[in-house]
Every structure is written in C-alpha cells, then in structure tokens.
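Trainee: A single structure is presented below for examination.
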Amino acid sequence: MVSKSLRVAIIGAGPAGFYCAGQLFKEYSDSVEVDMFDRLPVPFGLVRFGVAPDHLKIKSVTKLYERIANKPGFRLWGNVEFGKHIDLEDLRANYHCIVFAYGAQGSRSLSIPGENLQGSHAATDFVAWYNGHPDYSKYTFDLSVDTAVVVGIGNVAIDVARILCLTKEELLQSDIADHALDALLQSGVREVVLLGRRGPAQAAFTNPEIKELGDLQDADIHVVDKEAKLDILSRQDLDLNGDKMLVRKVEIIQDFAERKYNNKSKVIRMRFLTSPVEIFGNGSGKVSGMRLVKNEIYRTDQGALKARPKDVYEDISVGLVLRSVGYLGSAVPDIPFDNESGMICNSQGRILNPETQEFLTGMYTCGWIKRGPTGVIGTNKEDSIESVNCLIEDVKSGKMLKPSDPSIVRIEELVRSRQPDVFTFMDWKQIDNMEIDKGSLVGRPRVKFTSTSSMLKALGRN
Ligand code: NAP
C-alpha cells in the first residue's frame, strides 16, 4: 500500500529524534508517518545511557517521548543500524524526508603521553558502562585503586566524580546497571581529583550539579583556597558582565574552599588552573601517576579568557584516569561531515554539501550531531523545532525527496529481511515493564537489561 502521508525517517531515538517527531506530529497531525531507527535495541539515547543513574527526575522526560511514540503514525525500528542494515538509498526509496539525529557517542582526546595506558579511560565510556549501554557492559574499570583523577570540569565530570563517591544507600536508589553497582560497592577509591584547566569563573559545570557535589552523604569536598580565588581578568569580567548564575557559581566554589573536612570516607578535590601534561605508567603499563602543570589565565585577541601553562609542575599518584573533555560525534556513510567539529555539515538543520554549499534535498539533522555536544536534554527541543521548521518550509515549496516506493509494508519487509532481531516500541514497553518489575523485587527503580541477547531472551525470541 503506497502511503499518502508525508513519510519521514529519523535516524536516532534519543531526545533530539523524539522532539523532532513530536514537532512533526504537532504540525502535520495524522498526515505524517514517522519511522525512527536506532542501532540500539531500546530507545531514548542519552536519557537512558547518558543521564546519571541517580538523576531519576531528569529521566521522567521519557513520559513525553512515550506520548509521541503512541501516535498512530509512529514506529520504532530498534537494533537497526544506518550504514549496516539500511542505507541512504533504501531510505530515499521510501521517505520524503530523512533526519539524522544520532547524537555524539565518541569522546575527544587529551593528546598527552600516557593517555592510552591501562587505567586511563574516556569518562564517556565509564558513563555508558554504569548506565548499562549494551556496547559497554563487558568493559572493566579497576576500582581497587585509591585515587581517581577526572580531567575536565563539565557536568559529565561532575557526574562521574559523584558516582564514584555515592554510598551503598545512594547507589541502591538509582537505576545503575547491576555490573557497575557490584563494582562500585567493592570500590577502593577514596579520593577523586577533578582537574579544571581554567578558573572557577570559567567552569563548565552548572550550579545545581556543583551544589549537589557538596551535599553527598559520605564524601567531603575540598577546593584549594588559592585556586578558588579569581585572577584579575576573571574578576574584571565577572564584575562587569557576570550574570547572577555565574556569580553564584563562583560563590559556591569559594564556599567549598572555606569548608572544613567532616571526616567522611571519601573526598572530592576540585582543582583549578591545572592541566595534565603526562600520565605515567608502572612496570606493567598501568596508570600510576600524572604530571600536572599550573596554568594562568590570559585574554585572547578575540577577548576570550583562556589558560596557558606556567613553568610550574606537580606530580601526583593516581590509579584511575577518566578523561572528561567532551563528547565527539562521528560520521555515517554518505552524509557530509566535518571531522574537526564532529558535526554533520548543515545550516540550521538543512544538510549541505560543504564544497558547493548546496542543500541536500530532503535531508536534515538535529541534536548533538547538528550543533555539537552542548546543552541539556531540553535544549534539543528548540534545536529540533528549528530543523523541522526548515523541513516544513521545504515541503511547502515541493523541495523533498521523490520516493519510488513510499510504503509502510515495503520498509517493514526490508528491515526485517536485513535485521530479523528488530525491536519495536511494543517490545520496548515490555522490556520497560520487566525492568521496573525486577527493580521492585529488590526495592530499586528498575534493574536494566544490559545486552541485546538478554532482551531477546526476555521477550522469548531466542
Ligand atoms: P563540557 O561541558 O563541554 O565540558 C568539557 C570540560 O572539559 C570543560 O571543563 C573543558 O574546559 C574541559 N576540557 C576540554 N579540553 C580539555 C583539555 N584538553 N584539557 C583539560 N580540560 C579540557 O562537556 P561535558 O561535561 O562532556 O558535557 C556535555 C554536555 O552535556 C554539556 O552541555 C553538559 O552541560 C551536558 N550535561 C548535562 C548534565 C546535567 O544537566 N546534569 C549532565 C551531563 C552532561 P574548558 O572550559 O577550559 O574548555
């Protein structure tokens, strides 16, 4: 049966993909069909695999995504990878528009010696592991060490530092993956050092997240007094242009510097104006230490405040390094991509050929793979609306793909022939219920399935 509706394929079932689908249904009501593809068996992307397991309130946004998924024109094709099970030609034959919303799963590197020693990991890998991402459930992190260093002071760094310091009671209230729960309950980590290369006024974390770090049940927070003080340039900028939130952020940090230790079992040390220059290994190639350099703030010709190294070094002992210096998007076949920024080449969400600057008819992008890995979950709403507005404008003027076979039946046949283990939204609802049921037996919000095979088994499909 050939569809009379506008048919849209969305690659990626994370927040950006769902806001995009929601906006399409809002604008076109029942005259649009949205097929969402994800290489993972279950939906919600970073809400399930990125948001910290103890931040359950943030995850309740999935209720909104469920309402979108319940629209009659919506279908989820989970465990179906673009570039492996389906390609651009398959989609061009079946849809009028294609939206790439697959996020940014990779991580930026530090480019320092020793970065790849055993015991040095991307923080994003640690996050995916403790959140039960199927690709990471077999990873191991040696938590028998005394000291962990987290490089970077964005919200991901704050999340991983906090997770390393939660008590058993706090962990049990979360939906952390069982393998991570077991490992963290055995953890020997007593000290977590957070390294910020610039000063308190440039810290990337947000105020609620940093405040929370000061309220942990069994971890003290400590900031070196002189590192909490603002340099002259930062002070000038804060006094001239600092918004209330930034002033408050600096106050919170300076308040930490004045705190006394409460003899809690763990301590989080927050450092500023400090960068790693080398990670050292022991005889068996495992992380054992780190050389740090002190930085100073300078103003660039463009007016930004950046860090540059002074000739002052410090060596510290460390057994685990988590590099938390930002996510990085990667390319998919046949879609113009900028390797430097890790983003799909686009203007306001319309994908373009970077050489000719011409738009690719019917092709759009939204979310982190469109604008880079910044902002909170809700930021993706506005971002997706911008892309959908471009799509609507183009459709109105007839600029869309001309699919030869725009049929629900055809795409279903194709997908199932290429990937028999496809997961629908109904499958997800069953898995969701099973996870919540497993959780209620042990007094936890949910107990996650962490592999595709265990999900298939639970659905009675292997
Ligand atoms: P981010 O906010 O961009 O922070 C990256 C951090 O890495 C910054 O402190 C940055 O310092 C530092 N950095 C970058 N390159 C470095 C280098 N070579 N050496 C030392 N430090 C370096 O990234 P993120 O923490 O991965 O978070 C990604 C996005 O997700 C953010 O928008 C974040 O707010 C959001 N998120 C939100 C939550 C939440 O709402 N609870 C939780 C997790 C993530 P500079 O500032 O000096 O560049």
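The values are calculated or read from the model by the stated rules, or taken from the named source; none is laboratory data. Quick caveat: nothing in here was measured; it's all calculated off a predicted structure. As a convention, Cβ positions derive from the backbone with ideal geometry for all residues, glycine included, and neighbour counts pool all protein chains shown. We work out accessible area using only protein heavy atoms, side chains counted, and drop any ligands, DNA or RNA first. Shrake-Rupley method; radii C 1.70, N 1.55, O 1.52, S 1.80 Å.
Trainee: Using 24 Å as the Cα-Cα cut-off, could you pick out the over-long pairs in 264/310; 249/448; 211/244? Please report the intermediate quantities before stating the final value.
Mentor: Working: 264/310 34 Å; 249/448 35 Å; 211/244 15 Å.
Checking Cα-Cα distances, 264/310; 249/448 exceed 24 Å.
Trainee: Under a Cβ-only charge scheme (Lys and Arg +1, Asp and Glu -1), can you give me the dipole magnitude of the chain about the Cα centre, in debye to the nearest 20?
Mentor: Numbers: 58 positive and 61 negative charges, 93 e Å.
Taking the Cα centre of the chain as origin, the dipole is about 440 debye.
Trainee: Here is a follow-up. Would you mind pulling out the separation of the Cα centroids of the range 1-55 and the range 399-462, in Å?
Mentor: Spelled out, the Cα-based centre of one part sits 14 Å from the other.
Trainee: May I pose another question? For helix 408-418, report the angle its Cα long axis makes with the longest principal axis of the Cα atoms of the chain; keep it between 0 and 90° and round to the nearest 10°.
Mentor: The answer is roughly 60 degrees.
Trainee: Here is a further query. Projected onto the charge dipole of the chain (+1 at Lys/Arg Cβ, -1 at Asp/Glu Cβ, origin at the Cα centre), which of 423, 302, 64 gives the Cα projection farthest towards the positive end?
Mentor: Checked the options; the winner is 64.
Trainee: Under a no-solvent Debye model with one identical scatterer per Cα of the range 113-256, what's log10 I(q)/I(0) at q = 0.21 Å⁻¹?
Mentor: Each listed q corresponds, in turn, to -1.33.
Trainee: Going by Cα centres, the range 308-324 and the range 272-294 are how many Å apart?
Mentor: 5
Trainee: A follow-up question, please. Could you state the angle between the C-alpha long axis of helix 15-28 and the longest principal axis of the C-alpha atoms of the chain, as a value from 0 to 90 degrees rounded to the nearest 10?
Mentor: Approximately 40 degrees, to the nearest 10.
Trainee: Once amide H atoms are placed 1.01 Å from N in the peptide plane, what residues at a sequence separation of 5 or more from residue 292, or on another chain, have their amide H within under 5 Å of its amide H?
Mentor: Sorted by chain and number, the residues that satisfy this are 277, 314, 315, 316.
Trainee: Tally up the carbon and sulfur contribution to the accessible surface of the chain as a whole percent, 1.4 Å probe, everything protein left in place. Spell out each step's value before the answer.
Mentor: Details: 10260 of 20640 Å².
Within the chain, the accessible surface is 50 percent carbon and sulfur.
Trainee: Counting alpha carbon pairs within less than 8 Å and at least 6 residues apart, what relative contact order, in whole percent, applies to the range 139-273? Don't skip to the end; give the middle numbers.
Mentor: Values: 206 pairs, mean separation 46.7, N = 135.
Relative contact order comes out at 35 percent.
Trainee: I would also like to ask the following. Using θ = phi - 60° and the Karplus curve 6.51 cos²θ - 1.76 cosθ + 1.60, what whole-Hz ³J(HN,Hα) does each residue of the range 441-452 get, with Gly and Pro shown as x?
Mentor: 5, 10, x, 10, x, 6, 10, 7, 6, 10, 9, 5
Trainee: Roughly how many debye, to the nearest 20, is the charge dipole of the range 68-144 about its Cα centre, given +1 on each Lys and Arg Cβ, -1 on each Asp and Glu Cβ, and no other charges?
Mentor: Values: 6 positive and 8 negative charges, 64 e Å.
That gives a dipole near 300 debye.
Trainee: May I ask for the net charge around residue 358, where only other residues with Cβ less than 14 Å from the Cβ of residue 358 are counted and Lys, Arg are +1 while Asp, Glu are -1? List each step's numbers first, then the result.
Mentor: Working: positive: 350, 399; negative: 355, 394.
Here the count lands on 0.
Trainee: Something else: With θ set to phi - 60° and the Karplus curve 6.51 cos²θ - 1.76 cosθ + 1.60, what are the ³J(HN,Hα) couplings of the range 129-139 in order, to the nearest whole Hz, using x for Gly and Pro?
Mentor: 3J(HN,Hα) across the range 129-139, in whole Hz: 5, 6, 8, x, 5, x, 6, 10, 5, 8, 5.
Trainee: Right, here's the next one. Under the Karplus relation 6.51 cos²θ - 1.76 cosθ + 1.60, θ = phi - 60°, what is the ordered set of whole-Hz ³J(HN,Hα) values for the range 168-173, x standing for Gly and Pro?
Mentor: 4, 4, 5, 5, 5, 7
Trainee: OK, next. Cross-link candidates for residue 286: which lysines have Cα within less than 26 Å, leaving aside residues fewer than 8 places away along the same chain?
Mentor: 138, 266, 294
Trainee: Using just the helices of the chain, give the 222 nm mean residue ellipticity in deg cm²/dmol: DSSP H runs with n ≥ 4 each add -39,500 (n - 2.57), and the total is spread over all residues, rounded to 500.
Mentor: On the way: 18 runs with 161 residues, N = 462.
Calculated at 222 nm, the ellipticity per residue is -10000 deg cm²/dmol.
Trainee: Let me make sure I get this right: for the chain, a, b and c are the square roots of the gyration tensor eigenvalues over alpha carbons, sorted descending. Under 1.5 in a/c it's rounded, otherwise prolate if a/b > b/c, else oblate. Which is it? Mind dumping the intermediate values first?
Mentor: Details: a/c = 2.08, a/b = 1.52, b/c = 1.36.
Since a/c reaches 1.5 and a/b is larger than b/c, the shape of the chain is classed as prolate.
Trainee: Note down the accessible area of residue 109, probe 1.4 Å, to the nearest 10 Å².
Mentor: Residue 109 exposes around 80 Å² with every protein chain in place.
Trainee: Follow-up. Using the per-residue mean of other Cβ atoms lying within 10 Å as a proxy for protection, in what order, highest first, do the peptides 393-399, 383-389, 214-220 fall?
Mentor: Values: 393-399: 12.4, 383-389: 22.1, 214-220: 16.3.
By packing density, highest mean first, the sequence is 383-389, 214-220, 393-399.
Trainee: Kindly sort 265, 3, 107 by accessible area of their heavy atoms, largest first, with the probe set to 1.4 Å. Numbers along the way, then the final one.
Mentor: Details: 265 60, 3 15, 107 40 Å².
Reading off the accessible areas and sorting them downward yields 265, 107, 3.
Trainee: Calculate the dipole size of the range 107-327 relative to its Cα centre from +1 charges on Lys and Arg beta carbons and -1 charges on Asp and Glu beta carbons; express the result in debye to the nearest 20. Don't skip to the answer; put the middle values down first.
Mentor: Working: 28 positive and 32 negative charges, 117 e Å.
I would put it at about 560 debye.
Trainee: Here is a follow-up. Under a crude label model (7 Å from the Cα following the beta-carbon direction), how far is residue 416 from residue 338 in nanometres?
Mentor: About 4.3 nm separates the two model spin labels.
Trainee: With every protein chain kept in place and ligands, DNA and RNA left out, what is the accessible area per residue of the chain? Probe 1.4 Å, answer in Å². If you can, show how the numbers build up before the last one.
Mentor: On the way: 20640 Å² over 462 residues.
Solvent-accessible surface per residue comes out at 45 Å².
Trainee: Longest span of the chain, sites excluded, free of chymotrypsin sites (Phe, Trp or Tyr not before Pro) in DSSP loop with at most 16 other C-beta atoms within 10 Å? Before the final figure, lay out each step's value.
Mentor: Values: sites that count: 139, 261.
The answer is 262-462.
Trainee: Using amide H atoms built in the peptide plane, which far-off residues or other-chain residues are under 5 Å from residue 351 H to H?
Mentor: 360, 363, 364, 365
Trainee: If amide H atoms are built 1.01 Å from N in the plane of the peptide, which residues on other chains or at least 5 residues away come under 5 Å of the amide H of residue 220?
Mentor: 264, 266, 267, 268
Trainee: How many nm is it between the label spots at residue 255 and residue 67, if each spot is 7 Å from the Cα in line with the beta carbon?
Mentor: 3.5
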